[in-house]
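One structure below.
The values are calculated or read from the model by the stated rules, or taken from the named source; none is laboratory data. None of these values were measured; they are calculated from a predicted model. Please note: Cβ atoms are built from the backbone with ideal geometry, for glycine as well, and neighbour counts cover all protein chains shown. Ligands, DNA and RNA are excluded from the accessible area calculation, which covers all protein heavy atoms including side chains. Shrake-Rupley method; radii C 1.70, N 1.55, O 1.52, S 1.80 Å.
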Amino acid sequence: MQGLLLKLSTLDADAESAVRVIAYFDSLLRDHVSVPTLLAATARLAQCPVGLLDAATGRRTRTSPRGAVDTPAEAPAQVRELSDGLGAVWMEREGPAHGLDEIVLERYAVAAEVTLERAAALARSGQDPALVELVLSAETGEAERARALRLLGFAPSTPLQALAIALPDRGPDRGPDRGPDRELAAGLRAMGHQVRATRIGDTEAVLVATTLPRDLPEGSRVGIGPELPGARAAESWAGARTALRFTGPHDRVMRWSELGALALFADLPEPAVAGLADVRAMERLGEESLAAVRALCLAGSVRGAAATVHLHHSSMAARIARAESVLGFSLADAAGRLRAHLALALVRLRANLRP
């Protein structure tokens, strides 16, 4: 602080602005912001790209004043090293430096050190699971959820997505699971996503602070909730759990945003779904006919379906005909294919409703 006061004494007219810079970063630290939030806030203040090297992961992150994030191949020549080997920070100003750049960089470095140390301490403390469960619970009060979010490194306004990942049944005598569900969370972390996770019942609950890519690593069945502010994380979790119920062996990832009216069927009891004639008929189809119907619903035509599963179109047509004889309705028009598509979704739902 003494060194900082000496710098302030040389700024004269800019001293008041420098004090505001200090207050700005102090406010960020009081709010327990995450590393991505710190970068975005610093870039907006400096009005130039800023970067950070996290020595623990070796990852470099750069954020622009407009919030665009990328991963530069290397840091610029001039960086500010952080204490205790935590990493380094930098600013990428084009043209001459501004009068407050040194103060901004110094306070940015201090804030980065505190934020990285907090993140490491939180990871070591094992608080994540209980805090994630608190954030996702519909019974949690607004103030309690906001506090839990900050302890996890999220602001209540941070856009979050909840993921519900089906855990395999390990059985009473088997060890802890290390399957694709854990690999997915680890993979998202490796991609630079800010991830917090815990186990809730037979589901892995994951909170992600950035928009997920369209294609996720193959593995366990995953339901993805809508992107909502952290204060509404319980709603995203409810959507993720509903989406998970519509997943199956061939539809391993389902997004709440893509369910549409199908979500209304999630509240039906299992006997009501099982009693539907179309569901019973679809469950009588063999795997070969099911695959043909599924391909037809996705492609919209027999030729398109045949190309999808690498069959001659006449062979596909024969399989569709056999399926129609069991289903009791035609798949030749859009109405029939819609009916079949709904029945397929309800078959997946029923499988996930069974005790």
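Quick notes on this one:
- The lone criterion from (1) within 12 Å of L327 (Cα to Cα); (2) part of a loop (DSSP other than H, G, I, E, B) left unmet by L311 is number (1).
- Check on A138, within 21 Å of the chain's Cα centre (by Cα), at pLDDT 85 or above and in a loop (DSSP other than H, G, I, E, B): yes
- From the options Q78, Q47, residue that is of a type in the set (S, T, N, Q), over 24 Å from L152 (Cα atoms), open to solvent by 70 Å² or more (accessible area, probe 1.4 Å) and touching a Pro at 6+ places or on another chain (Cβ under 8 Å): Q47
- Sub-6 Å Cβ pairs linking a first residue in the stretch 48-75 that is in a strand (DSSP E or B) to a second residue that is of a type in the set (K, R) and surrounded by 14 or more Cβ atoms within 10 Å (Cβ to Cβ), at least 6 apart or interchain, are G51/R62; L53/R60; D70/R62, ordered by first then second residue.
- Residue check, S289 modelled with pLDDT under 90, among the small types (G, A, S), open to solvent by less than 70 Å² (accessible area, probe 1.4 Å) and closer than 30 Å to A318 by Cβ: yes
- Any hit, the stretch 274-282, residues being touching a residue at least 60 places away in the same chain (Cβ under 8 Å), β-branched (V, I, T) and within 30 Å of L212 (Cβ to Cβ): no
- In the set R178, R150, R118, R170, only one residue is open to solvent by 50 Å² or more (accessible area, probe 1.4 Å), assigned to a helix (DSSP H, G or I) and at pLDDT below 80; that residue is R118.
- Listed here are the strands (runs of 3 or more DSSP E) enclosed by the stretch 200-269 that have at least 3 residues being within 24 Å of L338 (Cβ to Cβ): 253-255.
- Among residues that are more than 25 Å from R245 (Cβ to Cβ) and either hydrophobic (A, V, I, L, M, F, W, C) or under 36 Å from the mean Cα position of the chain (by Cα) (or both), H341 is not included.
- G260 vs. criteria surrounded by fewer than 16 Cβ atoms within 10 Å (Cβ to Cβ) and within 30 Å of E204 (Cα to Cα): yes
- Scanning the stretch 277-308 for residues that are β-branched (V, I, T) and within 31 Å of the chain's Cα centre (by Cα) returns a single hit, T308.
- For V309: the one exception among (1) within 30 Å of A164 (Cβ to Cβ); (2) without any contact (Cβ under 8 Å) to a residue 40 or more places away in the chain; (3) open to solvent by less than 50 Å² (accessible area, probe 1.4 Å): (3)
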